[in-house]
1. Once you sort the root eigenvalues of the Cα gyration tensor of the stretch 25-100 as a ≥ b ≥ c, which label holds: rounded (a/c under 1.5), prolate (a/b larger than b/c) or oblate (the other case)?
2. Taking 0.36 nm per residue of sequence separation and subtracting the Cα-Cα distance, how much length would be gained by fully extending the chain between LEU191 and ASP212, in nm to one decimal?
3. Carbon-plus-sulfur fraction of the accessible area of the chain, 1.4 Å probe, in percent?
4. Rounded, prolate or oblate: which one fits the stretch 47-174, using the alpha carbon gyration tensor with axes a ≥ b ≥ c (rounded when a/c is under 1.5, else prolate when a/b beats b/c, else oblate)?
5. Enter the accessible area per residue of the chain (Å², integer; probe 1.4 Å; all protein chains in place).
6. Work out, step by step, the length gained on full extension between THR22 and VAL57: first 0.36 nm times the residue separation, then minus their alpha carbon distance; give nm to one decimal.
7. Name the longest site-free stretch of the chain, where the excluded sites are trypsin sites (Lys or Arg not before Pro) in a DSSP loop with no more than 11 other beta-carbon atoms within 10 Å.
8. In vacuo Debye scattering of the chain, one point per C-alpha: log10 I(q)/I(0) at q = 0.09, 0.15 Å⁻¹?
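The values are calculated or read from the model by the stated rules, or taken from the named source; none is laboratory data. What you see is a predicted model; the values in this text were computed from it and never measured. Glycine gets a Cβ as well: all are built from the backbone with ideal geometry, and neighbour counts include every protein chain shown. Just the protein is used for accessible areas: all its heavy atoms, side chains included, with ligands, DNA and RNA removed. Shrake-Rupley method; radii C 1.70, N 1.55, O 1.52, S 1.80 Å.
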Amino acid sequence: MPRGAAARTDSKVKMDGCLSATEFGSAMAQRWKQAREKGDPVTLLLVDLDSLHELNVTHGRDEGDRAINASLAALAKNAKAERWTLGRVGGDEFALLAPGVATEAAFLRADAIRRELDSAMAKALRRGKVTASIGVASSPRDAKSPDDLMRKADLALYAAKDQGGGAVALTPGDDMILKSSYYSSAQLRRLRSLAERMKKKEAVLLREALDDLLHKHERS
């Protein structure tokens, strides 16, 4: 559902621990100012429920409410644990503001949250299936103002949707490649250990490995 559409506030949707769109905007401006004064990064995660409209049409609004409530409960739990700010900025779109969290850490956390949301909705729904997509944007890398951060996170969310949904994405056009986007946690731990033993930076080892791979196939 596009942002700006009226968020449902009927009795079947529980908003505990979640701010309205207007409240979230005010909180975001305040948290942004505090973080920037400290020189800390600010990261925004935009969460959208994939195929919720189709679920409502096919199986009824009660199923849609179950998906929304399951998502709100999981997001509120994460927000409380991380001391983040949660808001409902559209009918099926939510925002998590994470001051002091850098891009790569936020990307990894977002993917874990996405899996939690998928699991929570699968348990709550009696019929149909809904997944979650998440767009991640950070300052100062992506944005210089709260409005810009929201816009960049929106672009990232659309990029996740373009992957078919059920995905996490960064703002398109960024030339930064996150290791966490391409390697498993086990591989990253082994890389870190190897770098420590060889007294080299992880980036240097990755460049050396890529050069070896290119040379091998260029000769073949």
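1. Prolate.
2. Taking LEU191 through ASP212 to full extension adds about 5.9 nm, to one decimal.
3. 52
4. The shape class here is prolate.
5. 56
6. Difference between extended and current length: 9.8 nm.
7. In the chain, the maximal stretch lacking such sites is 1-82.
8. Values returned for q = 0.09, 0.15 Å⁻¹ are -0.41, -0.96.
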